[in-house]
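Worksheet: the structure to be examined is printed underneath.
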Amino acid sequence: MPFTVKQDSVIMGVTEFRNNIPNLLKEKHDEEIIIVNRDKPLGVLIDFNKYQSMQDLLEIAEDYILAEMIRESKKTKRKLLSQEEMEKKYGI
């Protein structure tokens, strides 16, 4: 399965990853390490601070989308959905 990676990412086979886990966890990595098995991506190892930043951005994006959905609902005078209904309907 072909996949696209950023230029500064490293692709590593699962066996090489398994053999180097202690060293990989000791070192700080600026690049993502994409773990593959037979050219199929299995996972990604990234710096924790980068992960936190990604989670924060995702939360901001989700809040923005929910706010836009509420604004649109108010414009069209449709019934407002609860957060649970919105999450279920829009898969967020």
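State yes or no: is Glu62 among the acidic types (Asp, Glu) and over 21 Å from the mean Cα position of the chain (by Cα)? Against the criterion (among the acidic types (Asp, Glu) and over 21 Å from the mean Cα position of the chain (by Cα)), Glu62 does not qualify. Considering segment 72-83 alone, what residues qualify as being small (Gly, Ala, Ser) and surrounded by 10 or more Cβ atoms within 10 Å (Cβ to Cβ)? Residue satisfying the conditions is Ser73 alone.
This table checks each residue for (1) touching a residue at least 24 places away in the same chain (Cβ under 8 Å); (2) surrounded by 11 or more Cβ atoms within 10 Å (Cβ to Cβ).
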{"site": "Lys26", "(1), (2)": "no, no"}
{"site": "Glu32", "(1), (2)": "yes, yes"}
{"site": "Glu59", "(1), (2)": "no, no"}
{"site": "Ala67", "(1), (2)": "no, no"}
{"site": "Ile70", "(1), (2)": "no, yes"}
{"site": "Glu85", "(1), (2)": "no, yes"}
{"site": "Lys89", "(1), (2)": "no, no"}
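Every number here is computed from the coordinates shown, using simple stated rules; none is lab data. Everything quoted here is computed from the prediction, not taken from an experiment. Every residue, glycine as well, gets a Cβ built from its backbone with ideal geometry; the counts of neighbours run over all protein chains shown.
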